[in-house]
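What follows is calculated from the coordinates using simple rules that are stated; it is not laboratory data. Predicted model, so just to flag it, every value in this text is computed and none were measured. A quick note on method: Cβ atoms are made from the backbone with ideal geometry, for glycine too, and the neighbour counts reach across all protein chains shown.
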Amino acid sequence: MAPNAIAPTGRARTFGESEIIVSKTDLRGRIRYANDVFLRLSDYAEAEVLGRPHSIIRHPDMPRAVFKLLWERLKAGSEIFAYVKNMARNGDHYWVLAHVTPTRGPTGEIVGYHSNRRAPRADALAQIEPLYARLRARETGARNAKDGLAASDRLLREVVAETGLTYERFIFTV
C-alpha cells in the first residue's frame, strides 16, 4: 500500500526508552535493513519493507523542510539529528528522535545511510509539534509545492537562527 493511501488514525504508538529503531538504506533511501523494533512499530514484515523507499513510513504531518535539511546534511557527508513523526501501516503514528549518518565504503565514499531512533521526551515533543505545525502551514499555504517548501525552509532556518544556536544545538535544547 502506498504511504499516501494510508489515512492517519490519530492514535499514538510508543516504544521503550531502552529500545532503538534501526534501519539502513541505499543512496536513494530504499531500505536495505530494518530491525525488529522498526518492523513492530511500523507494522510491516521485513519482506514488505526491503527495497522500498524509507518514505513508506512518512507521516503527512511531517514538514518537507525537515527532510530537505536532512538530505542536505547527509549528501554533504554530515550526520543529523531530527524529530520525526512516522506512520505505521494502519495509520497510527510514533515519534522518534532520529540520528542519521552516512555509511561509507572502503575508500570513504558514501554508499548509503544508517539511522538509529530513540523515543523522544514528551517535553521535547511539546515544543516540536507546534513548530512542525507552523512549518506545514507554510508549506500548504503557498501557491505551489516548490514555494511552500521554500517558505517552510526559510521559517525553519529563521527559528533556529533566532535562538543563536546551530541546528544541532537547537535540537538538543528542545
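For the reader, a short list of remarks on this structure follows.
- Computed from the C-beta positions of Ala45 and Phe81 and an R0 of 45 Å, the FRET efficiency is 0.95 to the nearest 0.05.
- Karplus-derived HN-Hα couplings along the stretch 154-167 (A = 6.51, B = -1.76, C = 1.60, θ = phi - 60°), whole Hz, x at Gly and Pro: 4, 4, 4, 5, 5, 4, 5, 4, 4, 7, x, 10, 6, 4
- Charges were assigned to the Cβ only: +1 to each Lys and Arg, -1 to each Asp and Glu. The resulting dipole of the chain about its Cα centre is roughly 400 debye.
- Here's the list of lysines a cross-link from Lys146 could span, going by alpha-carbon distance under 18 Å and ignoring same-chain residues fewer than 8 apart: Lys68.
- Furthest towards positive pole of dipole, Leu41, Trp71, Leu131, structure part the chain, Cβ charges: Trp71
- Low-density loop positions, trypsin sites (Lys or Arg not before Pro), the stretch 73-116 - DSSP coil, at most 10 other Cβ in 10 Å: none
- All C-alpha pair distances within the stretch 17-120, sorted into 5 Å bins from zero, spread as 2, 13, 23, 28, 20, 10, 3, 1, 0 percent across the bins.
- Footprinting exposure proxy ranking of Thr107, Thr25, fewest other C-beta atoms within 10 angstrom first, gives Thr107, Thr25.
- For the stretch 20-105, the list of GluC sites (Glu not before Pro) that fall in a loop by DSSP and count at most 16 other C-beta atoms within 10 angstrom reads Glu79.
- Fully extending the segment from Asp26 to Arg52 would add 8.3 nm, taking 0.36 nm per residue of separation and subtracting the current Cα-Cα distance.
- A straight Cα-to-Cα reach below 20 Å connects Lys75 with the aspartates and glutamates Asp26, Glu109, Asp153, Glu168, residues fewer than 8 places away in its own chain not being considered.
- Against the rule of thumb 2.2 N^0.38 Å, how large the Cα Rg of the chain comes out: 1.02
- 3J(HN,Hα) along the stretch 51-57, derived from phi through the Karplus expression 6.51 cos²θ - 1.76 cosθ + 1.60 where θ = phi - 60°, amounts to x, 8, x, 4, 5, 4, 9 Hz, with x in place of Gly and Pro.
- Residues Ser78, Ser23, ranked from the fewest to the most other C-beta atoms within 10 Å, line up as Ser78, Ser23.
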